[in-house]
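Student: Before anything else, here's the structure in question.
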Amino acid sequence: MVKYWILTYPRQNIEISLAKKLLGGRNRENYRRVYQEDLAEGDLIVLHVTGEGKVKGFCKIANEYIYDESKVWSVIDGELYPHRRSIEIVRVYDRAIEPDISQYYDELDLLEDARREGANLGS
């Protein structure tokens, strides 16, 4: 069964991810679990731009989990984002017409559910 995910990254990292057709997660156990165990081939991803409230586009998971410490994204605090999945691009919006993430809130009620449950998303 296909799952739907919202992944939030800085704009620069989303641009790199789209160019390389690759997503990466921090070198932490919760990211390993998500990238290796939770994400599955065919799952659909909403690419949300950190701090801007915009959707850059949509992609889907294209292959199995990869652990790779080669540098792809800007390194912050030594982080190489080694938990990785290749993606197939479904839709990319030009910056001028990127939709606001809030227009999806009714369909994707998970943000409110996560807040109520006190979920620690992405840390």
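Student: Among the residues of the range 49-102, how many are in a helix (DSSP H, G or I) and modelled with pLDDT of 95 or more?
Tutor: So the answer is 3.
Student: Can I ask one more? Sort out which residues of the range 10-29 are in contact with a strand residue (DSSP E or B) (Cβ under 7 Å, 6 or more places away or on another chain) and outside any helix (DSSP H, G or I), and write them in order of number.
Tutor: LYS21, LEU22, LEU23, GLY24, GLY25, ARG26, ASN27
A quick yes/no check of all residues on (1) surrounded by fewer than 16 Cβ atoms within 10 Å (Cβ to Cβ); (2) acidic (Asp, Glu); (3) within 20 Å of VAL90 (Cα to Cα); (4) in contact (Cβ under 8 Å) with a residue 24 or more places away in the chain:
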{"residue": "LYS20", "(1), (2), (3), (4)": "yes, no, yes, yes"}
{"residue": "ALA40", "(1), (2), (3), (4)": "yes, no, yes, yes"}
{"residue": "VAL46", "(1), (2), (3), (4)": "no, no, yes, yes"}
{"residue": "VAL49", "(1), (2), (3), (4)": "no, no, yes, yes"}
{"residue": "VAL55", "(1), (2), (3), (4)": "no, no, yes, yes"}
{"residue": "PHE58", "(1), (2), (3), (4)": "no, no, yes, yes"}
{"residue": "ASN63", "(1), (2), (3), (4)": "yes, no, yes, no"}
{"residue": "VAL72", "(1), (2), (3), (4)": "no, no, no, yes"}
{"residue": "ASP77", "(1), (2), (3), (4)": "yes, yes, no, no"}
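The values are calculated or read from the model by the stated rules, or taken from the named source; none is laboratory data. Keep in mind that this is a model prediction, so the values were computed, not measured. Positions of Cβ are generated from backbone atoms using ideal geometry, with glycine treated the same way; all protein chains shown enter the neighbour counts.
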